[in-house]
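One structure is given here, and the rest of the page talks about it.
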Amino acid sequence: MKLQRMNRRALTLGALAVSGALALTACGSDDTGNTNGGGSSASASNTGAIKCDGAKGQIQASGSSAQKNAIDAWVKAYTAACKDVQINYNPTGSGAGVTAFTQGQTAFAGSDSALKPEDAAAAKKACAGNAAVDLPMVGGPIALGYNVDGVDNLVLDSATIAKIFDGKIKTWDDAAIKKLNPDAKLPSTKIQAFHRSDESGTTDNFTKYLIATAPSDWKYSGGKAWQAKGGQSAQGSSGLAQQVKQTPGAISYFELSYAADGINTVDLKTDAATPVKATVENATKAISTAKVVGTGNDLALELNYKPTAEGAYPLTLVTYEILCEKGNKADTLAATKSFLTYIASEDGQNQLTAAQYAPIPAEIITKVRSTISNLG
């Protein structure tokens, strides 16, 4: 297991060197509590480059647990420079974060999927009649972690994954799994499939992948809330990872870093010749083909779940910061704008390295910076 973790870290650092890399592997998190520091050392950032612009007060934000450790790293660096600002980020999950934002409770939300039309309509009330915008900050692979005794290199395709999470495949020695893993000693252990109990952008992206690649086996419409019957549930990505670690026969989905503590991950069988491992480098190959589908200053992306390149890992997500384009609350606007300007800056994006994240590609982050500069 130690060697596996070293190899994963080596792949992560290698991916960070790729120009325009886009990946996410958040460090382990308890998915609870507020954030005002933590993560990587502020000394890793050039705090002298942070512009406070007279910002003061508290920023309340919540949402995606996937980005919590990125927020930790950014907050530690930012508040070391801007001592009059306190930033409280609560990793409640994407769905809860969007709800809190649309109800006017927070300055911005973190979400692993862009605003749905109904959420965008609700956000207008919080934005004094103005539109909210999706600003992509980080992205990367969603891993399928599993706990099957004696099986260290499991291969699954999307159809088999869909049947597992829909309760159609019930044991690890099922013929469909055997066909994909002819050399593995698969036990007759019952499959314990875990899904998120809370509304989650990770769930949204996971089910989008199944809808796009296995439509005949995954008949659900998708969304942040889990729709399939059966299975078991847990709160947050860390909750799912903990269940996989402690439950024989378990399988679940979460951001790659939550598998860093000895959890094996599935290699995905795609149309490529070789099954693809869940690494940030392989996710980057798939995410690099994402398209901006938002209008105006909204930068919502359409991910490609069917990449054709060898080594492209298709099960990915992008995490957004969501806030008002205009109509932000006057008492938090200066601090919010200053903080977002920092995290989207070159130095802010470079700060992600220490937290095992990777920067947004230049062509997208340039647009993000332009939108932030015009927030009102």
Check: When residues of the stretch 219-244 are filtered for being in contact (Cβ under 8 Å) with a residue 60 or more places away in the chain and more than 24 Å from Ser257 (Cα to Cα), how many remain?
Finding: 3
Next item on the list: Starting from the stretch 106-122, take each residue that is more than 17 Å from Ser200 (Cα to Cα) and list its partners that are open to solvent by 30 Å² or more (accessible area, probe 1.4 Å) and not in a loop (DSSP other than H, G, I, E, B), counting only C-beta distances under 7 angstrom and pairs at least six apart or across chains.
Entry: Thr106/Gln60; Ala107/Gln60
Notebook entry, point to check: Considering only the stretch 62-74, how many residues are under 12 Å from Phe339 (Cβ atoms) and in contact (Cβ under 8 Å) with a residue 60 or more places away in the chain?
Noted result: 1
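Which ranges mark the helices (runs of 4 or more DSSP H) fully within the stretch 160-249 that have 2 or more residues being open to solvent by 10 Å² or more (accessible area, probe 1.4 Å), polar (S, T, N, Q) and under 25 Å from Gly139 (Cβ atoms)?
Working: elements: 175-180, 201-213, 236-246.
Helices (runs of 4 or more DSSP H) meeting the threshold: 236-246.
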Notebook entry, point to check: Within the stretch 85-99, is even one residue modelled with pLDDT under 95 and open to solvent by 60 Å² or more (accessible area, probe 1.4 Å)?
Noted result: no
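Every residue, every condition in (1) in contact with a Ser or Thr (Cβ under 6 Å, 6 or more places away or on another chain); (2) farther than 25 Å from Ile71 by Cβ, yes or no:
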residue	(1), (2)
Ala228	no, yes
Ser238	yes, no
Tyr253	no, no
Ala272	no, yes
Pro275	no, yes
Thr319	yes, no
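Restricting attention to the stretch 213-245, which residues are polar (S, T, N, Q) and over 19 Å from Lys170 (Cα atoms)?
At the first step, the residues of the stretch 213-245 found to be polar (S, T, N, Q) are 213, 216, 221, 227, 232-233, 235, 237-238, 242-243.
Selection gives Thr213, Ser221, Gln235, Ser237, Ser238, Gln242.
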Check: Can you name the condition, by its number, that Asn130 falls short on among (1) surrounded by fewer than 24 Cβ atoms within 10 Å (Cβ to Cβ); (2) in contact with a Cys (Cβ under 7 Å, 6 or more places away or on another chain); (3) not in a loop (DSSP other than H, G, I, E, B)?
Finding: (3)
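The values are calculated or read from the model by the stated rules, or taken from the named source; none is laboratory data. Every value quoted in this text rests on a predicted model; they were computed, and no experiment measured them. Glycine also receives a Cβ, built like all others from the backbone with ideal geometry; neighbour counts cover every protein chain displayed. Heavy atoms of the whole protein, side chains included, go into the accessibility calculation; ligands, DNA and RNA do not. Shrake-Rupley method; radii C 1.70, N 1.55, O 1.52, S 1.80 Å.
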